[in-house]
Amino acid sequence: MKQLFPLPHVMGFVFSLILSLVALAVVYFDLSYTAGMTILLITAIVQASLQLLLFMHIGENSDRSTLYTNIAYALFVGVVTILGTLFTMVWGYN
Amino acid sequence: MKWDEFFVTGEPMIYASMVAIAVVSLAIPIGLTYFKKWGYLWNEWLTTVDHKRIGVMYILSALLMLFRGGVDALLMRAQTARPENGLLDAQHYNEIFTTHGVVMILFMAMPFVIGLMNVVIPLQIGARDVAFPRLNAISFWLFFAGAMLFNISFVIGGSPDAGWTAYFPLASPEFSPTVGNNYYSLALQISGIGTLMTGINFIVTILKMRAPGMKLMKMPMFTWSVLITNVIIVFAFPVLTVALALMMFDRQFGTQFFAMQNGGMDMLWANLFWIWGHPEVYIVILPAFGIYSEIISTFARKNLYGYKSMVISMVAISMLSFVVWAHHFYTMGHGVMVNSVFSITTMAIAVPTGVKIFNWLLTLRKGKIEFTTPMLYSLAFIPIFTIGGVTGVMLAMASADYQYHNTMFLVAHFHYVLIPGTVFAVIAGFYYWFPKVFGFRLNERLGKLSFWVIVVSFNVTFFPLFILGLNGMTRRMYTYSASTGFGPLNLISAIGAVGLAIGFIILVYNIYWSVRYSPRDTTGDPWNARTLEWSTHSPVPVYNFAKVPTVDSLDAFWFSKKNKTPLAEGAYEPIHMPSNSGMPFIMGIAFFFAGFFLVFSWWLPAIIAGLVILGTMAFRTFERDHGYHISVEEIERTEEALRGERK
Ligand SMILES: [Cu+2]
């Protein structure tokens with residue numbers, strides 16, 4: 001039974017809930033802008049790496065080139081979406 | 001929510017459709033009981049995980065939705081056929097152009113393309129099924145639940161009415177107080193999750209399950225196009241998922257993401273929508289390019305010209321499709337810098353697309369062309385699509401777009417892209433692969449008749465819209481005065497729309513006629529084609545290939561026919577197959593009800609339906625199902641029967 005229990009996944013699930021709660025706390029406690037943003041950024045990065053490592057099995061793949069292509073494509077789309085949105089909606093907006 | 005708002009009232013057409021829905025939903029169970037078909041329906045279709053059957057169900061639903069969206073289109077064209085027409089009021093017209101757009105893109109084009117992928121891809125790469133057959137069934141039932149949820153909106157609660165793009169603030173609860181746009185966010189969300197899973201499923205299938213020897217650069221062009229399409233799906237759909245979730249929060253939980261005050265930003269919706277929306281265009285166009293490549297090279301009896309450049313241009317299109325989205329809202333307040341950047345990226349897409357057009361033309365050059373129905377569609381596609389593409393470049397110029405934006409010129413442009421691009425392709429693919437699935441061809445004479453009716457009527461319907469747009473007619477106008485002079489061209493367009501309807505009716509009649517009278521094909525290769533799917537029997541046995549083929553070149557089946565070398569050797573071995581499951585179907589029903597209750601903000605029933613969804617997942621987690629094996633004797637028996645050696 002012990003081997004069958006997916007301990008890392010359950011731990012990951014609990015951690016992601018905790019991280020979400022910490023992020024939510026920024027709204028409920030009266031924090032300064034920098035403090036709030038710092039907490040949000042840190043929880044976001046930890047959350048993302050948690051998802052990638054535990055649930056998306058990054059690093060368990062023996063096929064390196066597929067992995068890197070995947071990451072490159074994801075980075076491309078992510079960066080384009082975020083910077084592109086800032087570009088069209090904030091920096092370049094009349 | 002008051003109960004008298006639950007059913008849509010006050011329109012004779014709505015009452016008629018309510019009666020029709022009631023009659024159909026009574027007739028189906030009565031018919032099934034009378035003909036004792038419940039068991040057949042459950043065992044062979046509702047619980048199936050066979051990619052071919054799932055594909056057939058996708059295509060059937062897509063045809064159904066084609067007619068639903070087509071009726072919307074006919075109503076719109078009838079309403080605008082003459083000035084000051086009173087057939088529809090403004091509200092009804094708004095609902096109809098909204099549902100026409102959503103149904104045609106998300107519930108007709110997408111499932112038709114995904115249906116063809118399902119039927120063809122495993123066969124084309126020499127696999128026995130997709131990588132995750134059960135997930136595939138879930139994808140289908142989620143799509144179906146979403147489609148049905150969207151479709152009941154017009155009799156229960158009212159349809160969405162803010163356009164298929166549902167721009168904020170118009171789609172906010174303040175300006176769209178009916179439940180219509182709740183249907184929009186939830187139905188699209190449910191079917192979108194299904195699409196996302198299809199994306200992952202097909203990427204894994206194509207990367208991991210190809211026949212031995214089929215290197216990436218030896219894959220058929222349709223397989224390549226589907227691989228790239230699914231990569232786009234996986235990267236584009238999450239944006240829609242997030243945008244729809246934010247929309248739901250805004251409409252039903254009082255958040256202000258897309259509001260105009262309290263730090264919200266209404267334009268952010270348009271931005272997120274098109275970050276998904278433009279790649280979506282390529283999700284429905286790239287597989288179409290793949291279909292045309294297969295058909296053109298088959299009926300020109302030549303290998304595809306410029307295989308490598310075809311692949312490279314598709315990869316280029318997939319990257320470019322993510323960096324052009326702002327061209328959909330040039331006029332909504334950006335500075336010169338933003339508009340210039342997006343103008344340039346948009347025009348850049350014309351380059352790889354042009355490369356593909358020339359590749360097809362050079363494939364045709366000096367070929368022994370055979371004018372079958374699928375080939376006719378492919379040949380008609382090239383010039384008509386080019387008109388769509390060239391007007392696209394006109395629209396891509398930001399400064400000129402201030403003139404075209406939101407006029408009928410734009411409407412004409414995207415119909416000139418999507419109809420020859422996607423609709424002709426799926427019809428061509430339907431004619432082309434039909435004999436593979438059902439074992440007989442559709443009638444060629446009726447096929448060619450409907451082709452000519454459709455192609456001519458298409459141009460009669462949509463060409464006048466270019467001129468109307470340049471004359472200043474804006475889209476989504478439910479009526480206009482006679483003094484505008486828009487009357488005659490709109491009348492011509494309406495006549496064309498009737499022609500299109502006739503063309504599609506002939507197509508359906510052709511299916512009926514061919515089921516009854518078409519001669520059965522025993523070769524499995526009625527078109528003398530090139531790719532692996534034609535090397536097995538038609539209709540395809542459940543295990544696809546009795547022996548897994550080995551591939552050493554592009555168009556391996558063509559060369560095995562020419563050199564008379566067999567594709568597979570060795571003795572039969574027992575085949576491992578996935579077993580059927582009712583779980584995906586039950587999950588689809590649960591999702592439908594969860595969505596329906598959420599639309600009306602009935603939280604308690606929605607939570608219960610949500611628990612049923614979680615229950616099906618928990619059930620799956622603890623289920624032990626290792627599939628089953630087909631024995632060698634059974635394979636021999638099936639193969640002999642399919643070769644006609646045993647009755
Ligand atoms: Cu676009």
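For the stretch B:305-322, taking the residues that are crowded, with 22+ Cβ neighbours inside 10 Å and within 13 Å of another protein chain (Cβ to nearest Cβ), the one that is farthest from the ligand (Cβ to nearest atom) is identified as B:Ser318.
Show me the helices (runs of 4 or more DSSP H) entirely contained within the stretch B:397-461 in which 3 or more residues are within 23 Å of B:Gly69 (Cα to Cα) and in contact (Cβ under 8 Å) with a residue 24 or more places away in the chain. Steps first, please.
Values: elements: B:398-404, B:408-418, B:424-438.
In the stretch B:397-461, the matching helices (runs of 4 or more DSSP H) lie at B:408-418, B:424-438.
Please enumerate the residues belonging to the stretch B:486-507 that are of a type in the set (A, V, I, L, M) and either touching a strand residue (DSSP E or B) at 6+ places or on another chain (Cβ under 7 Å) or without any contact (Cβ under 8 Å) to a residue 60 or more places away in the chain (or both).
B:Leu489, B:Ile492, B:Ile495, B:Ile502, B:Ile505
As for the stretch B:239-254, it holds at least one residue that is part of a loop (DSSP other than H, G, I, E, B), loosely packed, with under 15 Cβ neighbours inside 10 Å and away from every other protein chain (no Cβ under 12 Å). When the criteria are applied in full, B:Tyr58 meets the requirement of being part of a helix (DSSP H, G or I), in contact with a helix residue (DSSP H, G or I) (Cβ under 7 Å, 6 or more places away or on another chain) and not hydrophobic (A, V, I, L, M, F, W, C).
Kindly establish whether A:Val27 is within 14 Å of chain B (Cβ to nearest Cβ), over 26 Å from B:Lys208 (Cα atoms) and without any contact (Cβ under 8 Å) to a residue 24 or more places away in the chain. Walk me through how you get there before you give the answer.
Numbers: within 14 Å of chain B (Cβ to nearest Cβ): yes; over 26 Å from B:Lys208 (Cα atoms): yes; without any contact (Cβ under 8 Å) to a residue 24 or more places away in the chain: yes.
The answer is yes for A:Val27.
Take B:Phe168 and tell me if it is surrounded by 24 or more Cβ atoms within 10 Å (Cβ to Cβ), touching a helix residue (DSSP H, G or I) at 6+ places or on another chain (Cβ under 8 Å), of a type in the set (Phe, Trp, Tyr) and in a loop (DSSP other than H, G, I, E, B). Yes, satisfied.
Residues in the stretch B:261-293 that are assigned to a loop (DSSP other than H, G, I, E, B) and within 14 Å of chain A (Cβ to nearest Cβ): B:Asn262, B:Gly263, B:Gly264, B:Met265, B:Asp266.
Filtering the stretch B:464-522 to residues that are more than 30 Å from B:Ala166 (Cβ to Cβ) and of a type in the set (Gly, Ala, Ser) leaves B:Ala482, B:Ser483, B:Gly485, B:Gly487, B:Gly499, B:Gly503, B:Ser514, B:Ser518. Once the stretch B:270-304 is narrowed to residues that are of a type in the set (Phe, Trp, Tyr) and within 16 Å of the ligand (Cβ to nearest atom), the residue that is nearest to B:Ser172 (Cα to Cα) is B:Phe273.
Table: residues versus (1) modelled with pLDDT of 90 or more; (2) in a helix (DSSP H, G or I).
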site	(1), (2)
B:Ile357	yes, yes
B:Trp360	yes, yes
B:Lys368	no, no
B:Phe371	yes, no
B:Ser378	yes, yes
B:Ile382	yes, yes
B:Ile387	yes, yes
B:Thr391	yes, yes
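Among the residues of the stretch B:194-209, write down those that are within 12 Å of B:Gly126 (Cβ to Cβ) and either within 14 Å of chain A (Cβ to nearest Cβ) or touching a Gly at 6+ places or on another chain (Cβ under 6 Å) (or both). Matches in the stretch B:194-209: B:Ile206 only.
Out of A:Thr69, A:Thr88, A:Thr81, I need the residue that is within 12 Å of another protein chain (Cβ to nearest Cβ) and either in contact with a His (Cβ under 8 Å, 6 or more places away or on another chain) or not in a helix (DSSP H, G or I) (or both). Which one?
Working: A:Thr69 fails: either in contact with a His (Cβ under 8 Å, 6 or more places away or on another chain) or not in a helix (DSSP H, G or I) (or both); A:Thr81 fails: either in contact with a His (Cβ under 8 Å, 6 or more places away or on another chain) or not in a helix (DSSP H, G or I) (or both).
None of the other options fit; the residue is A:Thr88.
When the criteria are applied in full, B:Asp250 meets the requirement of being at pLDDT 90 or above and of a type in the set (Asp, Glu).
Residue count for the stretch B:43-58 under the criterion of being touching a residue at least 40 places away in the same chain (Cβ under 8 Å) and over 17 Å from the mean Cα position of the chain (by Cα): the result is 6.
Consider B:Leu196 carefully, then state whether it is of a type in the set (A, V, I, L, M) and surrounded by fewer than 22 Cβ atoms within 10 Å (Cβ to Cβ). So B:Leu196 fits the description; yes.
Scan A:Leu17, A:Leu40, A:Leu54 and give me the residue that is out of contact with any strand residue (DSSP E or B) (no Cβ under 9 Å at 6 or more places or on another chain) and either touching a residue at least 24 places away in the same chain (Cβ under 8 Å) or in the same structural domain as A:Ala74 (by TED's automatic domain parsing) (or both).
The conditions single out A:Leu54.
Within the stretch B:323-337, being within 9 Å of chain A (Cβ to nearest Cβ), within 15 Å of the ligand (Cβ to nearest atom) and part of a helix (DSSP H, G or I) holds for B:Trp325, B:Ala326, B:Phe329.
Only one entry in A:Phe76, A:Phe55 is surrounded by fewer than 15 Cβ atoms within 10 Å (Cβ to Cβ) and at the interface with chain B (Cβ under 8 Å from one of its Cβ atoms), namely A:Phe76.
Just checking, which of B:Thr422, B:Thr353, B:Thr391 is within 30 Å of B:Ile511 (Cα to Cα) and within 16 Å of the ligand (Cβ to nearest atom)? Lay out the reasoning, then the answer.
On the way: B:Thr353 fails: within 30 Å of B:Ile511 (Cα to Cα); B:Thr391 fails: within 30 Å of B:Ile511 (Cα to Cα).
B:Thr422 is the lone residue from the list that is within 30 Å of B:Ile511 (Cα to Cα) and within 16 Å of the ligand (Cβ to nearest atom).
The values are calculated or read from the model by the stated rules, or taken from the named source; none is laboratory data. Predicted model only: the values in this text are computed from it and were never measured. Positions of Cβ are generated from backbone atoms using ideal geometry, with glycine treated the same way; all protein chains shown enter the neighbour counts.
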